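The values are calculated or read from the model by the stated rules, or taken from the named source; none is laboratory data. Bear in mind that the values here come from a model prediction, so they are computed numbers and not experimental data. FYI the Cβ positions are ideal-geometry reconstructions off the backbone, even for glycines, and counts take in every protein chain you see. Surface accessibility is based on the protein's heavy atoms, side chains included, excluding ligands, DNA and RNA. Shrake-Rupley method; radii C 1.70, N 1.55, O 1.52, S 1.80 Å.
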Amino acid sequence: MRVRVLGSAAGGGFPQWNCGCDNCRLVRASTAEARPRTQESVAVSADGVSWFLINVSPEVRAQIESFGALWPREPRHSPLGGLLLTNGDLDHCLGLLSLRESHPLTIYATAAVRDGFTTGNVLYRTLQRFPGQTSWRPLALGEEQPLGDSGLHVTAIPTPGKLPLHLEGLRAPSREDNVGLMIRDGGSGKTLAYFSGVAGPSPDVERALAAADVVFFDGTFWSSEELITAGLGTRRAEEMAHWPVGGAEGSLAYLSRFPARKLYIHVNNTNPMLRESGAERRRLAAAGVEVAADGQELEL
Ligand code: MLT
Ligand code: MN
Ligand code: ZN
């Protein structure tokens, strides 16, 4: 399986347009100490020909252009065999509306995530202009299914999380609102565990990580009070359904127990581990955990 990181930042990207925090100032200064990052999305393929996007960020057009394997090979064509959504957050699905140029789209998502995007959404009509423009493939929790005839298979794992902001208060939360994805290559037998939004530990998450060869994990915040301390927000990481990386109860200590190669993704611009030679990055290195970077490729 080939994996290409198209975007590794949380919603807002790095730098974020309205942010002048220390990290965002640093990355705008173009020092080697911080690298720009677009919003989270990863491309996977078994054969290097047909590709699937995990999450479709608002920056999808530039992300496709950043990677030649995703370019058309005919006057009207796309190597994208499908699009997979881990939840309904706008940084994960707003890009669907940018793929509206009359091309058939196959979208894998739980019924809850599909309904959250389609119900009452007049903008969705732009993806419904002809029969078959959009085909939804429901992800049933815990049930593996093939991704077409690509050789890849996907299983959605229920994961502690929350409703997208725009649906809070409009509907009851469900176990289908937020999932991790297990992507298995039927040829090599290797498995990618993709968990970019995790509010905390659970038996399902634990089983999935234990079975994986490579893990992408929620690296949004280093600490609970990160936004509050910086004067940039009022909510703790946990209130935003993101498990902090640092501290005795943090995800870094938790991840250390799994033998897989591990990379943090969906990293918020305020997170001190974005500094390439900072103390937090050294803590990651000591624990054998990486921070995913835009343009990075993995083979498993
Ligand atoms: C998140 O990761 O918590 C969401 O993307 C936040 C948001 O929707 O702005
Ligand atoms: Mn997000
Ligand atoms: Zn910032």
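Let me spell out the model: positive unit charges on the Cβ of Lys and Arg, negative unit charges on the Cβ of Asp and Glu, origin at the Cα centre of region 166-300. What dipole size does that give, in debye rounded to 20?
Details: 14 positive and 19 negative charges, 54 e Å.
So the magnitude is around 260 debye.
E225 to A69: FRET efficiency via 1/(1 + (r/R0)^6), r the Cβ-Cβ distance, R0 30 Å, to the nearest 0.05?
Working: r = 41 Å, r/R0 = 1.36.
Result of the calculation: an efficiency of 0.15.
Given a 1.4 Å probe, how much area per residue of the chain is accessible, in Å²?
Counting only protein heavy atoms, the per-residue value for the chain is 43 Å².
Select from V289, L263, T106 the residue farthest towards the positive end of the dipole of the chain; place +1 on Cβ of Lys and Arg, -1 on Cβ of Asp and Glu, and compute about the Cα centre.
The one lying farthest along the dipole's positive direction is T106.
Normalised by the empirical 2.2 N^0.38 Å for globular proteins, what value does the Cα Rg of region 154-219 take?
1.21
Could you identify which residue out of V154, V60, V49 has the top mean-square fluctuation in a GNM of the chain using Cα springs shorter than 10 Å?
Top of the fluctuation ranking is V49.
How big is D, in µm² s⁻¹, for the chain by Stokes-Einstein at 10 °C and 1.306 mPa s if Rh is the Kirkwood radius over C-alpha pairs?
Value of D from the Cα-based Kirkwood radius: 82 µm²/s.
Would you mind giving the average projected area, over all directions, of the Cα convex hull of region 87-206 in nm² with one decimal? Could the numbers behind the result be given before it?
Details: hull surface 32.4 nm².
Result: a mean projected hull area of 8.1 nm².
Which GluC sites (Glu not before Pro) does region 39-127 hold that lie in a coil by DSSP with at most 16 other beta carbons within 10 Å?
E101
Along region 32-37, what does the Karplus equation 6.51 cos²θ - 1.76 cosθ + 1.60 (θ = phi - 60°) give for ³J(HN,Hα), rounded to whole Hz, x for Gly and Pro?
6, 6, 8, 10, x, 9
Please express the Cα-Cα pair-distance distribution P(r) of region 176-270 as a list of whole percents, one per 10 Å bin, running from 0 to the bin with the greatest distance.
Spelled out bin by bin, region 176-270 gives 16, 48, 26, 8, 1 percent.
Using only alpha carbon positions, build the gyration tensor of region 1-107, then give the equivalent ellipsoid semi-axes as the square roots of 5 times its eigenvalues, largest first, whole angstrom.
Semi-axis lengths for region 1-107 are 27, 15, 12 Å.
About the Cα centre of region 101-255, how large is the charge dipole given +1 on each Lys and Arg Cβ and -1 on each Asp and Glu Cβ? Please answer in debye to the nearest 20.
On the way: 12 positive and 18 negative charges, 95 e Å.
For this selection, approximately 460 debye.
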